[in-house]
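Remarks on the structure that follows.
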């Protein structure tokens, strides 16, 4: 593949990755859409200063524009790219595994060393759910800010916490307090309203 063809393919991929038409990109760069079309077809290269401006616009190196497959690598490693997305999912899965491992270790410790073991300690696994989702809520905010995953995890944390509270009261104290599950209703409405904030 020639330098012109590699540049053209990379430019096309970066432009499409940014959801821009050739005309929109041309306007942003101060060139004509015919020039963009010519470069993308591999029928020439822009001047070095324009190449530098294109690299700066897409936040990639000039090497990414001229090497074969450079745009694909840049898009994968960009914020929200496929590699970063995969890493975020793995991190979140590891957090859930760690929380449930901690719950299992606590449960196993009581079975082995508890005299006698607490028969109701299985509830520790119930509490591992809101513990996981609470941590994931903070991690989700770090990764995605106030996006849909954040609000979903926050909602799950609130609902599961109150359900677990009702179960715990029933199991340990014999007091049915299922009416407490109504408490999250106004909180959920608040979350739905907060999602609408611009």
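The values are calculated or read from the model by the stated rules, or taken from the named source; none is laboratory data. The structure displayed is predicted, hence computed values, not measured ones. Cβ atoms come from the backbone with ideal geometry, glycine included; neighbour counts cover every protein chain shown.
Residues of region 137-149 that are at pLDDT 90 or above and under 22 Å from residue 186 (Cα atoms): 137, 138. Restricting attention to region 83-136 and to residues that are more than 24 Å from residue 153 (Cβ to Cβ) and touching a helix residue (DSSP H, G or I) at 6+ places or on another chain (Cβ under 6 Å), the residue that is surrounded by the most Cβ atoms within 10 Å (Cβ to Cβ) turns out to be 107. If the condition is being within 29 Å of residue 140 (Cβ to Cβ) and without any contact (Cβ under 8 Å) to a residue 40 or more places away in the chain, then region 156-177 contributes 156, 157, 158, 159, 160, 161, 162, 163, 165, 166. Candidates are the residues of region 62-82 that are touching a helix residue (DSSP H, G or I) at 6+ places or on another chain (Cβ under 6 Å) and not in a helix (DSSP H, G or I); the one that is modelled with the highest pLDDT is 68.
For region 170-187, check the following and say yes or no: at least one residue is closer than 28 Å to residue 91 by Cβ and in a helix (DSSP H, G or I). Write out each step before concluding.
The initial filter retains those residues of region 170-187 that are closer than 28 Å to residue 91 by Cβ, namely 184, 187.
Still in the list and also in a helix (DSSP H, G or I): 184, 187.
Yes, because at least one residue in region 170-187 is closer than 28 Å to residue 91 by Cβ and in a helix (DSSP H, G or I).
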